[in-house]
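Only one structure is covered here, and it is reproduced in the block below.
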Amino acid sequence: MFSNIGWSEMMILLVAALVILGPERLPGAVRWTTQSLRQVRDYASGATAQLKQEMGPEFDDLRKPLAQLNELRSMTPRAAVTKHLLGGDDSVLRDLEKSVPDPQQLFGTNSGMPGGPSLSKSPKPLERNERPPIDIDAT
């Protein structure tokens with residue numbers, strides 16, 4: 001539940017609670033909070049168990065598409081190509097990455113492509129209300 005809160009944040013919360021509640025009311029507040037969290041967790045697990053009992057095997061059929069959706073949400077484009085098109089073998093992609101040369105090595109750091117801007121120079125930022133240049137080849 002609190003997996004994204006680190007120890008430093010917990011210490012800050014504890015010091016803030018100590019200042020706000022005071023040392024005499026802090027143990028009671030901690031006790032009440034833990035009891036409330038336990039009760040909410042029990043209610044949630046009870047509701048899940050009751051839903052699973054009432055729906056029976058249909059509950060698992062409901063969970064399968066949700067699990068597949070969560071798997072797709074966490075998948076990167078490379079992982080999707082590897083899984084669906086290459087059957088899980090990403091050696092083709094690794095070999096392709098090794099064979100493609102680095103643009104810095106190809107054109108050097110000071111010279112760009114013929115007729116194009118230098119790779120090492122970054123374009124100057126646009127002024128206020130200035131329109132960006134149009135790349136005819138890209139449009």
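The table that follows gives values for the structure above.
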{"quantity": "Coarse-grained scattering of segment 1-55 at q = 0.23, 0.32 Å⁻¹, given as base-10 log I(q)/I(0) from a Debye sum over alpha-carbon atoms", "calculated": "-0.94, -1.11"}
{"quantity": "Rg/Rg_ref, segment 56-100, where Rg_ref = 2.2 N^0.38 Å and atoms are Cα", "calculated": "1.66"}
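Every number here is computed from the coordinates shown, using simple stated rules; none is lab data. What you are looking at is a predicted structure, and each value in this text was computed from that prediction instead of being measured.
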